[in-house]
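The values are calculated or read from the model by the stated rules, or taken from the named source; none is laboratory data. Given the structure is predicted, the values throughout are model-derived calculations rather than measurements. As a convention, Cβ positions derive from the backbone with ideal geometry for all residues, glycine included, and neighbour counts pool all protein chains shown.
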Amino acid sequence: MTRMIFLFIGLLAGCAPQARDIALTDVDLRDMEAVAAIRAQLLPHERAAFASFLVRHHISSANFCGQPLISTHGRAPETIGEAVDLAIDRDAAEAKALAEANKPKHPRHRAKEEWDNLITARDILMDSQSRLRIEHGEKALRRSEWKSLSTKMAEIDRKLVSMKEKVYGPDSQ
């Protein structure tokens, strides 16, 4: 704690090391006054990355993303500067992945996803029919639930037939 007080006083007095050079082990990252003093010395884009490090990438954070920051050499950051640089890289990679996931998909890709969803829905209906048959034997075929399931499956089958060429191409017939 005494070391922290001296670090904090030194930061305020301007005779401490640059914020980027401060070892992470020398800072209590739960002490908001010390964090604010360090943050004030960083460049604006570094401030945002430092905040991201504290909130999302630091293991002791309640909002920890689940993947500790590791350099390309396989080691954790030792200084504020290293943590900031790794947070910038991670946040950029996450933003790129999100943009990639949200970019428009080719119509055939969307059709394939719809096809897969219909297949899954049909499989669930078939499972429901199987459970009815296990529960009620041959009488299951005369139950209203069976008829409802059969109607839904027939509708899905009609959709699948109409989509087949769009999903698999004109030679799929």
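Among residues of the range 44-62 being exposed (fewer than 15 other Cβ atoms within 10 Å of the Cβ) and among the hydroxyl-bearing types (Ser, Thr, Tyr), the one that is farthest from the chain's Cα centre (by Cα) is SER60.
Would you check if ASP89 is surrounded by fewer than 16 Cβ atoms within 10 Å (Cβ to Cβ), acidic (Asp, Glu) and either at pLDDT below 85 or under 30 Å from VAL27 (Cβ atoms) (or both)? Against the criterion (surrounded by fewer than 16 Cβ atoms within 10 Å (Cβ to Cβ), acidic (Asp, Glu) and either at pLDDT below 85 or under 30 Å from VAL27 (Cβ atoms) (or both)), ASP89 qualifies. Consider the range 63-82 and keep the residues that are surrounded by 12 or more Cβ atoms within 10 Å (Cβ to Cβ) and modelled with pLDDT under 90. The one that is farthest from PHE53 (Cα to Cα) is SER71. Within the range 72-81, can one find any residue that is closer than 17 Å to GLN18 by Cα and of a type in the set (S, T, N, Q)? Yes: the range 72-81 contains one or more residues that are closer than 17 Å to GLN18 by Cα and of a type in the set (S, T, N, Q). Within the range 93-111, identify whether any single residue is among the basic types (Lys, Arg) and either within 30 Å of THR25 (Cα to Cα) or surrounded by 15 or more Cβ atoms within 10 Å (Cβ to Cβ) (or both), and answer yes or no. No, the conditions are met nowhere in the range 93-111. The residues on offer are LEU125, LEU141, LEU118, and the sole one that is aliphatic (A, V, I, L, M), free of Cβ contacts under 8 Å to residues at least 40 places away in the same chain, within 30 Å of GLY169 (Cα to Cα) and part of a helix (DSSP H, G or I) is LEU125. Given the structure, is SER128 in the same structural domain as PHE53 (by TED's automatic domain parsing), of a type outside the set (Lys, Arg) and touching an Asp or Glu at 6+ places or on another chain (Cβ under 9 Å)? Answer is no for this residue. Within the range 50-75, residues that are more than 15 Å from ASP89 (Cα to Cα) and among the hydroxyl-bearing types (Ser, Thr, Tyr) reach partners that are part of a helix (DSSP H, G or I) and at pLDDT below 85 with beta carbons closer than 9 Å, at six or more positions or on different chains, in the pairs SER61/LEU54.
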